[in-house]
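Asks: Before I ask anything, let me first share the structure, which is written out below as structure tokens.
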Amino acid sequence: MPSVILGESGKSDFLMGNEAIARGALEAGVAVAAGYPGTPSSEIIDTLLEVAEEFGIYVEWSVNEKVALEIALAASFCWARSLCAMKHVGLNVAHDALVNACYIGARGGFVIVSAEDPGAWSSQNEQDNRYIAMQAYMPVFEPSDPQEAKDMIVYAYDFSEQLNTPVLLRTVTCVSHSTGSFVFGDIVKPERRVYFEKRPDLLIYDSAGARRNRLALIKRFEKVREAVNSVPFNKMMLNDGSVGVIVSGVAYRYVMEALKILDRKDKVSLLKIGTHYPPPREAIVRFLGAVDSVMVVEEVEPILETLVKSIAYEEDIDVEICGRSILPRGGELTPRIVLEALSSFLDIDNPLDADALDKAWGYSNSLPPPRPPTLCPGCPHRASFYSISTVAKRLDRNPKLYGLDQLYGEKTETILPGDIGCYGLAYLPPFKAIDTIICMGAGLGFANGLARLVKQPIIVSVGDSTFFHATIPALINAVYNNARIVLVVLDNDVTAMAGEQPHPGSSIVSQEGKRLIKIEDVARGCGVELVRVVNPGNFEETQKALVDALKHDGPSVIVLRRPCELLRVRERLRKGEPQSPYMVLTEKCTGCMICINQFGCPAIVKAGDKVMIDSSICTGCGDCAKVCVPKAIVTCG
């Protein structure tokens, strides 16, 4: 039980931003919460799951973000307060349902958390979902720290119900994963007086319903525009100077620090925006009228800046407004970046060594020694990609070796589409076994297109959670069109990259009273004729399955199943079982370096012209012993 989340009302503690959001949802009386794991949002649902039974809340990891949003929408329509959480790119998956959810409106408070990732630290892009909110006529709240995240989400539920609108709570990595001082409020147990009302006027979206409810949405949003003028998270500090700063989110902390360093705290006016869209027009008009020039500081896109400029134009206010002309357009804002931008805007010298500021805030401009990212020691994906890479290289060198020259010609180049997950690291040496990483489910969708255009072997790798999330429609498409594609599902039993959350195929779901859905059964149900399940640690069987699949006339599915090594190690530690690392018999080692150059486990390192195994990180999986030609790798046990 996470005692820090269940702190006593009025007491203070330190919480991560995502934990603060979860606590805020408890204080707001949330009844239903759903999401799909993805950094930097995962801890919100993880935290709520830990306390769900105690507070009578229904919480689930859904199969994807669209389903999660639809579950939360249903709860809201039945007058229950609901939460839907996802990372920023997940809102693309939920986009279709989201737009109509805003047409329907909210009954019970309905908050959607979009955890965004400026700098793309763990994502494929820096997408700014305020654009989606503007399209959907949905108000956007953005906190600047964990305390405000908690307070803001509590307020957002009341706001949602009073104005009959879903609310988007936009956080960024630096808020979601930062830790700050936090004061607890009262936890409210959810009300269970919920019911479904048949309302075809709200829930049936034929052409007439869409036209009618869009007009209702626009009318409702005018009330939202008025309401944001009184939201307490929009704060104005007017000083005597002629310059001002409009800032939102975590950048507010950076601006305050920079103004302190520049000794301009009492000379620069400040407008802190907590509601990006619609912006608090009355406050902005008043603020623009009090200064001659304004700098807008926000992450990622200049959305607030554009809105401020539009208001200035419409109100005929003569004021100079800048923002992204000084601040960088790409990447995460840092205290150093904001300090340098403010120094330029105010036309004063920066009195502080910027490196000192980086050090004070925990940032560093110096690069660490180069260390390429790699799969964990013992990771089953390493064994999987060793076999995939081996088969692909042998096939490309000599298609006759596998008797595939009649299908693909005497000279070929295997195409290896991939997907989103920790297994994406296989695009790096030594495997180089992934050619594309686009978005969730796109690996097989992309392969469907390739199969129609090129006469080359195609082996697609996709994770088990991603299979359920977004790959099944592309698999059905491949079956329907009889596309010759080998789909390899890397089944490590969890959504490993996001924090080892379960999915419908996880063995742990049966322990929770849920029904396990096997990937191979889904594949067969989709009409796939060749389906194999193999332990990737059995290299011979894995490689034979891959070759058989390449020969098959049509789509095939190979499930490479072995639990995530972190799960195995954790279970062994829980049981008090000793580690059983491997070692290298120096007298047998020939220095061929196959274990390093072709297998690449980080526990294996060079020792002169031979190799050794670092027993402190070796998990004892034994895969390296299978690739060692001279049989120099043995267990220490």
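Any read-out appearing in this document is the output of simple, stated calculations on the displayed coordinates, not a laboratory observation. All values derive from a computational prediction rather than experimental measurement. Backbone-built Cβ (ideal geometry, glycine too); neighbour counts: all protein chains shown.
Asks: Would you pull out the residues with amide H under 5 Å of G463's amide H, same chain only if 5 or more places away, H placed 1.01 Å from N?
Replies: L490
Asks: Could you work out the longest stretch of the chain that avoids the GluC sites (Glu not before Pro) located in DSSP loops with at most 11 other Cβ atoms within 10 Å?
Replies: For GluC sites (Glu not before Pro) (loop position, at most 11 other Cβ atoms within 10 Å), the longest site-free span of the chain is 198-409.
Asks: Tell me the net charge near S293. Cut-off is 14 Å between Cβ atoms, S293 excluded, with +1 for each Lys or Arg and -1 for each Asp or Glu.
Replies: Here the count lands on -2.
Asks: Using each residue's phi in the stretch 125-139, evaluate 6.51 cos²θ - 1.76 cosθ + 1.60 at θ = phi - 60° and report the 3J(HN,Hα) Karplus result to the nearest Hz, with x for Gly and Pro.
Replies: Ordered by residue, 3J(HN,Hα) equals 6, 10, 2, 10, 7, 5, 4, 5, 4, 5, 5, 8, 6, 10, x Hz.
Asks: Show the residues, 5+ positions off or on another chain, whose built amide H is closer than 5 Å to the amide H of L530.
Replies: Those lying under 5 Å, H to H, from L530 are V557.
Asks: Can you flag which of K219/K272; K11/K260; K432/K518; K400/K455; K66/K87; K518/K551 are past 18 Å Cα-Cα?
Replies: K219/K272; K11/K260; K432/K518; K518/K551
Asks: Taking the chain as the reference, fit the longest principal axis to its C-alpha atoms, fit the long axis of helix 207-227 to the helix C-alpha atoms, and give the angle between the two in degrees, 0 to 90, nearest 10.
Replies: 60
Asks: So which chymotrypsin sites (Phe, Trp or Tyr not before Pro) in the stretch 152-215 end up in coil per DSSP with only 11 or fewer other C-beta atoms within 10 Å?
Replies: Sparse-neighbourhood loop chymotrypsin sites (Phe, Trp or Tyr not before Pro): Y195, F196.
Asks: For the chain, what does -39500 (n - 2.57) per DSSP helix run (n ≥ 4), summed and divided by total residues, give at 222 nm, in deg cm²/dmol to the nearest 500?
Replies: -11000 deg cm²/dmol
Asks: Something else now. In nm, to one decimal, how far is the modelled label at R214 from the one at S12, with both set 7 Å along Cα→Cβ?
Replies: Output for this residue pair reads 5.0 nm.
Asks: Report, in degrees rounded to the nearest 10, the 0 to 90 angle that the Cα long axis of helix 146-163 makes with the longest principal axis of the chain.
Replies: Tilt of helix 146-163: around 70 degrees.
Asks: Right, another one. Hey, what angle do you get for helix 565-575 against the long axis of the chain, alpha-carbon based, 0 to 90 degrees rounded to 10?
Replies: Taking Cα atoms only, the helix is inclined about 90 degrees.
Asks: With both partners inside the chain, how many of the DSSP beta bridges are antiparallel, as a percent to the nearest 5?
Replies: That works out to approximately 25 percent antiparallel.
Asks: Where does the longest stretch of the chain lie that holds no trypsin sites (Lys or Arg not before Pro) found in a DSSP loop with 12 or fewer other Cβ atoms within 10 Å?
Replies: 12-191
Asks: Residue by residue, what Karplus-based ³J(HN,Hα) values in Hz, rounded to whole numbers, does the stretch 96-112 have, using 6.51, -1.76 and 1.60 with θ = phi - 60° and x for Gly and Pro?
Replies: The phi angles translate into 4, 5, 4, 4, 6, 4, 6, 5, 5, x, 10, 10, x, x, 10, 10, 10 Hz.
Asks: Can you tell me what share of the DSSP beta bridges in the stretch 376-501 is antiparallel? A percent to the nearest 5 is fine.
Replies: 10
Asks: Another question, if that's okay. How charged is the neighbourhood of K588? Take every other residue with its Cβ under 12 Å from the Cβ of K588, and add Lys/Arg as +1 and Asp/Glu as -1.
Replies: +1
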